[in-house]
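Participant: Dumping the structure here so I can ask a few things about it.
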Amino acid sequence: MQEKLAEEVTMTPLRSPEKVMRLARMGSFHQTRLSFMRALLRYLKKEQWQFKRTEWEIDDKGVGHGIYVASNGQYTYSLVCFAHDLPPEKRSDRVIAEEWDATFALYDGTPTSEEIERLRGNIPKQEAGYCQQTELVLARANRSVRLFEHVVDRLSNGLQPDQDMIDSVGYLMRTSAVYGNGKFGLGDRERVSDRPEFIGAFRTELLAVWLIRAFTTDIVEHMAWVANPHKGVKMDPMLKRRLGVGNSTGLGMAPFLLLHPALIHRWITTREKALARVCGLLSATPETEKQFSDLVRRMIIGVDNWNTVDQTQQNRIIELRQDLLKLQRHIDPENQPNIWQSLKPWKQLIDWTDRELSLEAQELAVSLVIEPHGELVDDLSDEMGIDEAQYFPIQGGQTIGELRTNIEEHYQWALKLDYEEKSESARFWYVSEEKLEPRLGERFDEPGADKEQPLAFGRDVAILYRELAEIDANQKIAVFLLQKPEHRHSVRRVQTTAKLPYAEVQDNLISSIMRPIDLLRCKLSFFGASRFDPRSDRWVRITMYQHAPFPDELYQEGMDVDDWVYPPLPC
Amino acid sequence: MSMTGSIRLCLVDPCAAAQTLTTLIRIISNFIILSKMSSNAPLTTSKYGFFSLNQIDQTCRKAAKGVGLPWGAADDIGKAARWLSAYQLTSVPQIVELLRAYKHDNYENVIPQNLVSPLQAKQGSLNPLMTGMVLSDLIDQIIDEPMATGKLDYPIFTAGFLGQTALTPEKAVCLKWADVVLVFHRDALIIEGSLGDLELTSCDSLHCERIDFSTRHHDEPNLRRPIMGSVKVAMDVWQELEKLAHHTYVEATEQSRQAGAGAGLNDND
């Protein structure tokens, strides 16, 4: 049915890489219904996965372990959670922290009691511990102290927590790292990549986060009960659902986005395809029109609850609110002309946002127009993965002339820049010896540029292009690379981008004005994160799964597994 | 996975290789202070650790850069090490040894002088890392026309690079040196002849040509598929690999800690 629908619709052309792959736009992306968290929950419900808390051995100080199990009969995954009593002075979200309020492992199968003890000896140490292939995800989280204490205090006194307080923070705990794919000895991606539940990208990690969310509310209720066993109450489920899992993300995500060009191409084109399918629709149905109008109203409420201490983002949120009101007026069917009466109204709408609204609002509009069209686009959720290995080999038989043409076609933006200007080469990406944290340095003020990571693609391709000018156009790349192996990474990059044009960020990644959080936000939007709260230009807090059903609510009557991202309209 | 299953992963006896290497390290180590290293290695008191294929890929990549190879070449070397480990064709000690032996000053002498078969070094033997990369870059040409090399060190490593290419059962390759033949594409490998020759530190010639793998039987006893599990490595060898990788890290400073990661605001609320 879905395939047929997709075939019937005429897609408009995709927005060009020159338009989409700019940092400012990527840094304005919002989650869509194709985002990995949403696709995962849809899948789990459709395939009738079952969830259970099987162990809860946590003492009065909040120390111990709990286990949450997800199973479809064929495969079982166990989130093993360790709760700790962390002194406040040790609570830090930085990668360099060494202790946390809670630590987690997603275990492939059901761990025996010996396995649980092995995990207890290692998982709380995180990177310094010892993981095996049976552990698919390693994660840790810290409390939002002010909300956690507030909720414990209220529940232990028989009261419900304050909704405004919940909305202003959005989570009881925030993860500061969620590792997968073979890091620190964890199971390699290949171990699970052919299991249908993990098709796509990052679903293993996001399954772990969804189960972690259940742990965060269970532990807060446990602490309230411990504080006052006679008066302690459980949280109202409607309030509880307003809590997601927070996440603190630093620069570590940026290199990933840059070093997986094929995957990024796939994510971006899939999102663009969904938009193009919707824009190709000749008309809107009354249902989608109504849904869209409601979504705009709901998003206005969401924006009102979107708080950040970052002035730049705060200004963007204020502008976004105004833009949403403008959008609301624009789609009013009483308008003359009425946009819903026009041919290809969704395309008209997107074109209008391009002309009239901020980037933040333009990209939100992309998410909003895709939202009511699940039947048309949801099949694309399964296209978020790609066999990256097939794009890795260098085609050494290509000629220098052909490579030059590729560069001219795809890297004009990079060739235009003058890297001799200090401002265009101001930064360098590096890995610190301190817990191997990726960082960004000031090239002309700090030591370490001799150990620069190969992430300045624009500059490096421009240098390659200059060098190629001296070489016979008929010479094979293999010969050139034998003599000049220092260009190998740039040649691979150009050949990949020539095949996958959305693989490259078309901005200078070492310029003085580059904002790394744009890269983080782009990636996090694909995860399905919301409430971006930059803490600096290279550090962002987000919320995951806010308003989503909990595992024990997935099959509740009337629970729409897909209708949780936008806050509900007031009754 | 069981301990017994893992021991089979190394063709070379890890104990013997580790001992040889340890002696070598004692003599020529540049004494990078271990305590300054940020280690990804599991904290274990045992002589061995288990490492994922991803760890082998990433750590070998950084180690290759650490010894002076360019990033693009390091990318290939990491992937080759992963492929070789997944097929249990070589062990991490050999990779460490090969990387340690790399001398940037000698680069011109150990690469193929041109792309005419047989590929020849200017002086002595070809380096298998650079030769492997050339063969991988020329895979489309090899599919049409066989290619050979002259004297080559550690011929097994070339398979790691060719294994990266888009080979399919219909478009597979066979590599021959001494008395051993490797027939493979990306997802399967058959070894024929003398298994001992896989470990040769040098061969007089290597021959590479296209072969049709699709006619081979799936139940051939010597057919290998990539492992799905971790690889057992002697801890001192792994630490040596990390020591090489460490050359790619920047020293930690307070300025770097604060500004480099941009966590200037309170993250404890």
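Participant: Counting only residues that are in a loop (DSSP other than H, G, I, E, B) and under 20 Å from B:Asp144 (Cβ atoms), which one in the stretch B:194-226 is nearest to the chain's Cα centre (by Cα)?
Facilitator: B:Phe213
Participant: Let me ask something else about it. Can A:Val561 be described as over 27 Å from A:Asn406 (Cβ atoms) and either of a type in the set (Val, Ile, Thr) or within 14 Å of chain B (Cβ to nearest Cβ) (or both)?
Facilitator: Yes, satisfied.
Participant: Out of all the residues in the stretch A:402-428, which are of a type in the set (D, E, K, R) and either outside any loop (DSSP other than H, G, I, E, B) or over 32 Å from the mean Cα position of the chain (by Cα) (or both)?
Facilitator: Answer for the stretch A:402-428, where residues must be of a type in the set (D, E, K, R) and either outside any loop (DSSP other than H, G, I, E, B) or over 32 Å from the mean Cα position of the chain (by Cα) (or both): A:Glu402, A:Arg404, A:Glu408, A:Glu409, A:Asp418, A:Glu420, A:Glu421, A:Lys422, A:Glu424, A:Arg427.
Participant: From the list A:Val505, A:Val479, A:Val491, pick out the single residue that is closer than 28 Å to B:Asn109 by Cα, buried (at least 21 other Cβ atoms within 10 Å of the Cβ) and at pLDDT 95 or above.
Facilitator: Just a single option satisfies the conditions, and that option is A:Val491.
Participant: Based on this model, can you work out whether A:Ile370 counts as among the β-branched types (Val, Ile, Thr), at pLDDT 95 or above, more than 20 Å from A:Thr269 (Cβ to Cβ) and touching a helix residue (DSSP H, G or I) at 6+ places or on another chain (Cβ under 6 Å)?
Facilitator: no
Participant: Does the stretch A:297-343 hold any residues that are over 23 Å from the mean Cα position of the chain (by Cα) and polar (S, T, N, Q), and which are they?
Facilitator: A:Gln322, A:Gln328, A:Asn335, A:Gln336, A:Asn338, A:Gln341, A:Ser342
Participant: Now, a different point. Might you check whether a residue that is part of a loop (DSSP other than H, G, I, E, B) and either surrounded by 17 or more Cβ atoms within 10 Å (Cβ to Cβ) or over 18 Å from the mean Cα position of the chain (by Cα) (or both) occurs anywhere in the stretch A:213-229?
Facilitator: yes
Participant: Which of the residues belonging to the stretch A:494-520 are among the charged types (D, E, K, R) and closer than 22 Å to A:Gly441 by Cβ?
Facilitator: Hits for the stretch A:494-520 are A:Asp507, A:Arg515, A:Asp518.
Participant: Those residues that are crowded, with 21+ Cβ neighbours inside 10 Å and of a type outside the set (Phe, Trp, Tyr), I need them from the stretch A:182-195; list them, please.
Facilitator: Selection gives A:Gly182, A:Gly185, A:Leu186, A:Gly187, A:Asp188, A:Arg191.
Participant: Another question about this same structure. Exactly one of these conditions fails for B:Ala121: (1) buried (at least 21 other Cβ atoms within 10 Å of the Cβ); (2) out of contact with any helix residue (DSSP H, G or I) (no Cβ under 7 Å at 6 or more places or on another chain). Give me its number.
Facilitator: (2)
Participant: Now a separate question. Hey, could you check the stretch A:391-428 for residues that are within 14 Å of another protein chain (Cβ to nearest Cβ) and free of Cβ contacts under 8 Å to residues at least 24 places away in the same chain and say which is surrounded by the fewest Cβ atoms within 10 Å (Cβ to Cβ)?
Facilitator: By that ranking, first place goes to A:Glu402.
Participant: Return yes when A:Glu470 is more than 8 Å from chain B (Cβ to nearest Cβ), over 30 Å from A:Trp539 (Cα atoms) and free of Cβ contacts under 8 Å to residues at least 24 places away in the same chain and no when it is not.
Facilitator: yes
Participant: Of all the residues that make up the stretch B:205-231, how many are free of Cβ contacts under 8 Å to residues at least 24 places away in the same chain and under 12 Å from B:Ile191 (Cα atoms)?
Facilitator: 1
Participant: On the basis of being more than 14 Å from chain A (Cβ to nearest Cβ) and without any contact (Cβ under 8 Å) to a residue 60 or more places away in the chain, does B:Val250 make the cut?
Facilitator: No: the conditions fail for B:Val250.
Participant: State which residue is surrounded by the most Cβ atoms within 10 Å (Cβ to Cβ) when the search covers only the stretch A:429-457 and only residues that are more than 7 Å from chain B (Cβ to nearest Cβ) and in a helix (DSSP H, G or I).
Facilitator: Selected residue: A:Phe457.
Participant: Moving on to the next point. Could you please find all residues in the stretch B:124-141 being within 17 Å of B:Glu170 (Cα to Cα) and crowded, with 19+ Cβ neighbours inside 10 Å?
Facilitator: B:Ile139
Participant: If I filter the stretch A:135-152 for residues that are part of a helix (DSSP H, G or I), loosely packed, with under 15 Cβ neighbours inside 10 Å and not hydrophobic (A, V, I, L, M, F, W, C), do I get at least one hit?
Facilitator: Checking the stretch A:135-152: at least one residue is part of a helix (DSSP H, G or I), loosely packed, with under 15 Cβ neighbours inside 10 Å and not hydrophobic (A, V, I, L, M, F, W, C).
Participant: A:Ile463 - would you say it is surrounded by fewer than 24 Cβ atoms within 10 Å (Cβ to Cβ), β-branched (Val, Ile, Thr) and either touching a residue at least 60 places away in the same chain (Cβ under 8 Å) or more than 10 Å from every other protein chain (Cβ to nearest Cβ) (or both)?
Facilitator: In short, yes.
Participant: Among the residues of the stretch B:218-229, write down those that are under 18 Å from B:Gly193 (Cβ atoms) and either loosely packed, with under 11 Cβ neighbours inside 10 Å or within 14 Å of chain A (Cβ to nearest Cβ) (or both).
Facilitator: Correct list: B:Pro221 only.
Participant: Restricting to the stretch A:153-181, name every residue that is surrounded by fewer than 23 Cβ atoms within 10 Å (Cβ to Cβ), at pLDDT below 95 and part of a loop (DSSP other than H, G, I, E, B).
Facilitator: The answer is A:Asn181, and nothing else.
Participant: Name the residues in the stretch A:188-212 that are out of contact with any Ser or Thr (no Cβ under 8 Å at 6 or more places or on another chain), within 14 Å of another protein chain (Cβ to nearest Cβ) and not in a helix (DSSP H, G or I), would you?
Facilitator: A:Ser193, A:Asp194, A:Arg195
Participant: Scan the stretch A:267-287 and give yes if some residue there is at pLDDT 95 or above, within 21 Å of A:His489 (Cβ to Cβ) and of a type outside the set (Gly, Ala, Ser), otherwise no.
Facilitator: The answer is no; no qualifying residue exists.
Participant: Mind counting the residues in the stretch A:164-186 that are within 11 Å of another protein chain (Cβ to nearest Cβ) and not β-branched (Val, Ile, Thr)?
Facilitator: Going through the stretch A:164-186 one residue at a time, the tally reaches 10.
Participant: Continuing with this model, one more query. I'd like to verify a number: residues in the stretch B:61-108 that are closer than 14 Å to B:Tyr154 by Cβ, within 13 Å of another protein chain (Cβ to nearest Cβ) and in a helix (DSSP H, G or I), how many?
Facilitator: Adding up the residues that qualify gives 2.
The values are calculated or read from the model by the stated rules, or taken from the named source; none is laboratory data. Keep in mind the model is a prediction, meaning the values are calculated, not measured. FYI the Cβ positions are ideal-geometry reconstructions off the backbone, even for glycines, and counts take in every protein chain you see.
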